[in-house]
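Participant: Below is the structure I would like to discuss, written out as structure tokens.
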Amino acid sequence: MAALLGWLPSRRRSATPRSVLAGEAAAEAALAAPEKDGTLPPTEQQAELEAAFPVVGDPKAAAFFDLDNTVMQGAALFHFGRGLYKRKFFHKRDLLRFAWQQTWFRMAGSEDPAHMEDARNSALSIVKGHRVEELMAIGEEIYDEYMAGKIWPGTRALAQAHLDAGQRVWLVTAAPVETATIIARRLGLTGALGTVAESVNGVYTGRLVGEPLHGPAKAEAVKALATARGLDLQRCAAYSDSSNDIPMLSLVGHPYAINPDSALRKHARKHEWRLRDYRTGRKAARIGLPAAAGIGAVAGGAAAAVALHRRRR
């Protein structure tokens with residue numbers, strides 16, 4: 001993705017906030033990928049859900065779906081790590097360290113900038129020099145093994161309702177854009193907005209374009225894509241489980257809280273946003289990425305990179 005550096009003047013890159021750079025880079029990557037007009041198999045819940053969440057066909061409307069715990073149970077990167085571990089691409093101690101790191105961030109409830117920066121740099125240094133196509137090939141296999149069965153049927157039906165109405169549907173996630181693109185394509189969605197790791201001639205340079213696509217960066221990505229595609233955000237819908245996505249949800253005229261965390265549930269009720277919870281029994285465990293997901297986009301890259309690093313030793 002060398003072009004992702006060339007499309008902005010160097011002076012602007014240095015002066016633009018990292019969240020804006022991350023959002024614009026994500027939109028650039030999404031726009032560069034072919035859009036898919038796919039269809040998803042109908043589910044038993046579809047008729048009920050379409051009645052509860054009516055979708056009106058509108059060429060200036062689109063839908064934006066968060067991924068982890070919104071479309072997919074748990075975190076895509078956690079499932080990706082399971083697949084890598086099964087293939088013995090890294091050791092058990094690495095898997096435990098990864099899990100502990102995620103737990104620490106969730107328990108802390110805040111983002112330590114210095115800690116996160118160290119983690120990002122470490123992950124990206126391992127990714128550096130590896131080919132994008134390597135991770136894509138692994139991701140295709142792991143989707144079939146671990147992710148396909150983790151899709152929430154209810155959320156999937158909502159996405160299908162938008163597609164059936166002639167609208168475009170994008171995933172918007174802190175996961176690497178390569179992983180997000182695989183999932184979007186397998187689900188028949190239009191495309192994906194994800195964290196962009198800089199690559200030149202198909203090889204990772206070890207740097208991010210901006211920052212992980214998280215929080216405000218997601219909103220920037222949605223705005224950039226909407227501008228490029230001529231969408232009216234007040235006629236668009238967005239879906240998420242996390243209060244971190246309130247900036248993205250607040251952009252659109254039709255925000256939905258799906259399997260919401262407590263902060264988002266409170267915010268949604270206050271602002272009369274629609275809610276839907278597909279979890280049963282006790283509150284579902286939020287496996288993998290923490291709410292403070294500033295590191296989350298790179299964590300998956302770290303797991304993949306550790307796998308490749310181990311494999312090549």
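Participant: Please find, within the range 181-233, the residue that is nearest to Ala165 (Cα to Cα) out of those that are among the acidic types (Asp, Glu) and under 15 Å from the mean Cα position of the chain (by Cα).
Facilitator: Among those residues, the one meeting the criterion is Glu220.
Participant: Taking the range 160-181 as the region of interest, how many residues are in contact with a Phe, Trp or Tyr (Cβ under 6 Å, 6 or more places away or on another chain) and either surrounded by fewer than 24 Cβ atoms within 10 Å (Cβ to Cβ) or free of Cβ contacts under 8 Å to residues at least 12 places away in the same chain (or both)?
Facilitator: 0
Participant: Right, something else. Within the range 74-92, restricting attention to residues that are modelled with pLDDT of 80 or more and surrounded by fewer than 22 Cβ atoms within 10 Å (Cβ to Cβ), which residue is farthest from Leu163 (Cα to Cα)?
Facilitator: The residue in question is Lys86.
Participant: Additional query: Consider Val200 carefully, then state whether it is buried (at least 24 other Cβ atoms within 10 Å of the Cβ), hydrophobic (A, V, I, L, M, F, W, C), touching a residue at least 40 places away in the same chain (Cβ under 8 Å) and over 19 Å from Glu140 (Cα atoms).
Facilitator: no
Participant: Just to be sure I understand the filter: pairs with C-beta atoms under 9 Å, separated by 6 or more residues or on different chains, first member in the range 130-144 and farther than 15 Å from Lys86 by Cα, second member polar (S, T, N, Q). Which pairs pass?
Facilitator: Arg131/Ser199; Val132/Ser199; Leu135/Thr179; Met136/Thr179; Met136/Thr181
The values are calculated or read from the model by the stated rules, or taken from the named source; none is laboratory data. Source: prediction; values computed, not measured. Cβ coordinates were reconstructed from backbone atoms using ideal geometry, including for glycine residues, and neighbour counts include every protein chain displayed.
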